[in-house]
1. What does the buried accessible surface come to for C and B, summed over both chains, with the probe at 1.4 Å? Round to 100 Å².
2. Considering chain A as a Gaussian network with a 10 Å cut-off on Cα pairs, which listed residue, A:VAL325, A:VAL272, A:VAL242, attains the greatest mean-square fluctuation?
3. Measuring nothing but label to label, 7 Å from Cα along Cα→Cβ, what are C:GLN52's distances to the other copies in nm, shortest first?
4. For peptide C:277-284, how many partner chain Cβ atoms fall within 10 Å of a residue's Cβ, on average?
5. Of C:ILE202, C:ILE179, C:ILE222, which is the most mobile in a GNM of chain C whose springs link Cα atoms less than 10 angstrom apart?
6. Pick out, from C:ILE16, C:GLY182, C:PRO327, the residue whose Cα sits farthest towards the positive end of the charge dipole of chain C, with +1 on the Cβ of Lys and Arg and -1 on the Cβ of Asp and Glu.
7. Applying 1/(1 + (r/R0)^6) with R0 = 41 Å to the Cβ-Cβ distance of B:SER51 and B:ASP288, what FRET efficiency is obtained, to the nearest 0.05?
8. Only counting protein heavy atoms at a 1.4 Å probe, give the residues of the stretch A:302-316, ordered by number, whose accessible area falls by 20 Å² or more when the other protein chains are present relative to the chain alone.
Amino acid sequence: MEISLAQLAETIGGEIHGDPDTIIKGIAPFDDAGQEDITFADSPKILKRISQTGAGAVLVPKNFDPAVETGLGHAVPANLIRSENPRLAFAKIMNLYFPAPPPSGNISPKASVGENVALGTDVSIGPFSVIEDNVTIGSRVTIHPQAVIGCGVTIGDDVIIYPNVSVLARCVIGSRVIIHSGTVIGSDGFGFVPDGEIHYKIPQLGIVQIDDDVEIGACNTIDRATFGRTWIKKGVKTDNHVQIAHNVVVGENTLIVAQVGIAGSAQIGKSVILAGQAGIAGHISIGDYTTVGPQAGVTRSVPSGKVVSGTPEMSHKLWLRVSQVIPRLPELKRKIADLEKRLDTLLKP
Amino acid sequence: MEISLAQLAETIGGEIHGDPDTIIKGIAPFDDAGQEDITFADSPKILKRISQTGAGAVLVPKNFDPAVETGLGHAVPANLIRSENPRLAFAKIMNLYFPAPPPSGNISPKASVGENVALGTDVSIGPFSVIEDNVTIGSRVTIHPQAVIGCGVTIGDDVIIYPNVSVLARCVIGSRVIIHSGTVIGSDGFGFVPDGEIHYKIPQLGIVQIDDDVEIGACNTIDRATFGRTWIKKGVKTDNHVQIAHNVVVGENTLIVAQVGIAGSAQIGKSVILAGQAGIAGHISIGDYTTVGPQAGVTRSVPSGKVVSGTPEMSHKLWLRVSQVIPRLPELKRKIADLEKRLDTLLKP
Amino acid sequence: MEISLAQLAETIGGEIHGDPDTIIKGIAPFDDAGQEDITFADSPKILKRISQTGAGAVLVPKNFDPAVETGLGHAVPANLIRSENPRLAFAKIMNLYFPAPPPSGNISPKASVGENVALGTDVSIGPFSVIEDNVTIGSRVTIHPQAVIGCGVTIGDDVIIYPNVSVLARCVIGSRVIIHSGTVIGSDGFGFVPDGEIHYKIPQLGIVQIDDDVEIGACNTIDRATFGRTWIKKGVKTDNHVQIAHNVVVGENTLIVAQVGIAGSAQIGKSVILAGQAGIAGHISIGDYTTVGPQAGVTRSVPSGKVVSGTPEMSHKLWLRVSQVIPRLPELKRKIADLEKRLDTLLKP
């Protein structure tokens, strides 16, 4: 694909410093880029060595002045496009050069489509996928091979469902949702009542609702609610191996990193970040814009706008100091014993 | 569905306080219930505000006396059913209103059924499920679409296997077992012998045996034994993303919460609770009726009847105190330094 | 199967102590073995009680002298085969008695094979597996039922892919690779750029490359690189539920135990061991021959040849001492308070 610098700058709303007629044929990371590639540089560290890229053009921050920041004057080897957010601009340009393949619009004759299924236009269904009865699917949806869409499920427009995904009965999926392979939406919540030594199963009658623009990673499990819905709100993105229990609500634009577990009925705010392997206890809430550190074990509600880490969770700033003391515990123990000995000696009659 | 209070009380063995002819059409949580719903209240907190539910009837504890506990006298707005265990009664009534759909008894012509397969009565097999050769399946078993039942597997009666489950060669599944989507039963144990720098694979010749009334969550992995069996005993319930290694034995009625990992040859007792994200080392044993806290790292055997938490595992009571000291470590370190300084000053000649 | 002791000794390069014509019909663990079985004993503990096995033959270390080590003189009940590595010898003999079934060479008429697919000889493909377009598969490859092999994937010789595995577009799999059920190779890396409150998806254009002799456990997720490749090098073995993020490189012969998570762009050396539930931060490196303990949280690069544990990671030796102090923290806190009080009293005017 051949795109001029002028076109690229227009696409991302950037300002060219160099030759607008330069033709760019591809994209590449800073150190791998060649004369026909565009790359980006947004950290001071990378910007310092901007003259070292072989790229034909570099996306840089709006206020980047090579004369000042590199001391190279105008001898910068590459054309520049200045923009507010070079990394975002780069991602947008990646989509220009490598657009997602359009839905084939083919429904494989090897798929199984049940009764009373409503399909929008340009729906693709791969071989051996199963669309059970009473399913509604919007337009331009791609269901890869071997997904199962259970009875009564509703799916919006422009959704991508990868192989070996299970979306179980009655769950509701919005538009522009992506669900990666191996993920299960709508498994039963883990609910039992003790009946003597036996655990009596509480029927799980609710659903999972996934709103627009959500991306669910590979091998996630999102359990259906006991009543009502487990609710993943607009713009949430989850990494792989995330476990979301019954009746959890995850607020808009929250990021959940790999192997996080959220126990039943927890309420996660909007624009929260849950870092890898963190665990969130049941029935607590995590406020909006809060960040939970990796492997943290959060057992109490956390207000909005906090950064917490550790087990038990504490402010991240405190955790950084605590984590410097932990390896020194044997030394502290010895010091205490020394102090006791000295004081004993001092007080000995 | 319309059921009278009298019938409901009889089903669960409860005692009516109110009008036995009241017709109940559904069930709902305490705060959502309407005049034709039944709900339950078993915590003191909920019982206190029993007059606030809109429910037509409330399941309450045997000894609940609204006159005493709410101070409302007999002005309680709803009919009551008193029983030993209102939560259990509610779960049973949920099953009355929302019974599991009976097995369709259909074997999809799109399923693949191998040679020498023995099927009981009313077996349902969804499209694209694969039943390999020499499989034995009991009666009223439902195999959802896209499950794989490997060669020589045996499955009891009244089993439900959800989509995208793999039950691999020769494993044995009891009756009334439920296996949720994405789960793998009978993958190879992680066994290698060093051969210089190379890891030589130890063939995994055993099986997984899952006894009656077990429920296995979504995306579990239960490895087959090297020899003999990995054994999940009667009544065990596992949540999602649980990892059970080769040759592990899990005792009757044990609960394993999401993302727990149990290493090879560990022995878990009966009626144990392993809370979320806990890790159990290989070759150790966890005694009957013991509870292991969330994220605990258990590296030594734990006797019966204990409650342990933390890494390293310790009594839960101790852990609660330890976890209050951890955030104060920087402060303790400073205090020790202060003490040293004061003592040095004191002892200075 | 009947194999003489002489043949077994020759296979593994061992030396017989006993009757070379003894016929061995099977293999079994030490305590279960009968007169026609061979077993092995390599730990001092087991060797001490070698006379207690019912086995017809025992694999023992090269320098094992029953007269010395058991005090039984030559009254050892079993034939012995001495070898450098009895455990390895045993694993090799297991493969002799229980050889992996040869590939059937059948391509199920119920599989879906796309266009421009190149297959070697003796390829087996199970029912409802999907081989998309432009796939290349070597010889003697077994693809179990319901695997998906995406467009443009390349697979070497003698590979085994279990049910419900997804190998997504363009990934490259070497020879003698085993991939267990439920695993996803080539899901998108978790890459987003903030665009206000929204997370803009960074297209993931790279692949996963898995080299020869790798074994990937069940329900693993290995994300494709943003650019280039996520690379699992020769001889790596992963247990179940392992998460490997985009652009990670895992060195030769590294072992990754269950539920480990490795964040983006981390570099894991060769012959590393990552124990269960450990977490490795992004963009750091773990040196060759280093071992990371269970549940460790590694946030800084670790040089070669180390053994680290804990969160934050520290030397394993230090961690062992730290983990003995942690349960004594409430006691240490009290001691500090006591010391303060005593010193206050002492200094009181």
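The values are calculated or read from the model by the stated rules, or taken from the named source; none is laboratory data. Being a predicted model, the structure only gives us computed values, none of them experimental. Note that each Cβ is placed from the backbone with ideal geometry, even for glycine, and that neighbours are counted across all protein chains shown. Please note that ligands, DNA and RNA were not included when accessible areas were found on the heavy atoms of the full protein model with its side chains. Shrake-Rupley method; radii C 1.70, N 1.55, O 1.52, S 1.80 Å.
1. On the way: alone 18270 and 18280 Å², together 31680 Å².
Summing both sides, the interface buries roughly 4900 Å².
2. A:VAL325
3. 6.4, 6.4
4. Working: counts 13, 3, 8, 2, 3, 3, 0, 0.
Whole-number average of other-chain Cβ neighbours for C:277-284 is 4.
5. Sorting by GNM fluctuation, first place goes to C:ILE202.
6. C:PRO327
7. Numbers: r = 43 Å, r/R0 = 1.04.
Here the calculated transfer efficiency is 0.45.
8. Buried by the other chains: A:THR311, A:PRO312, A:MET314.
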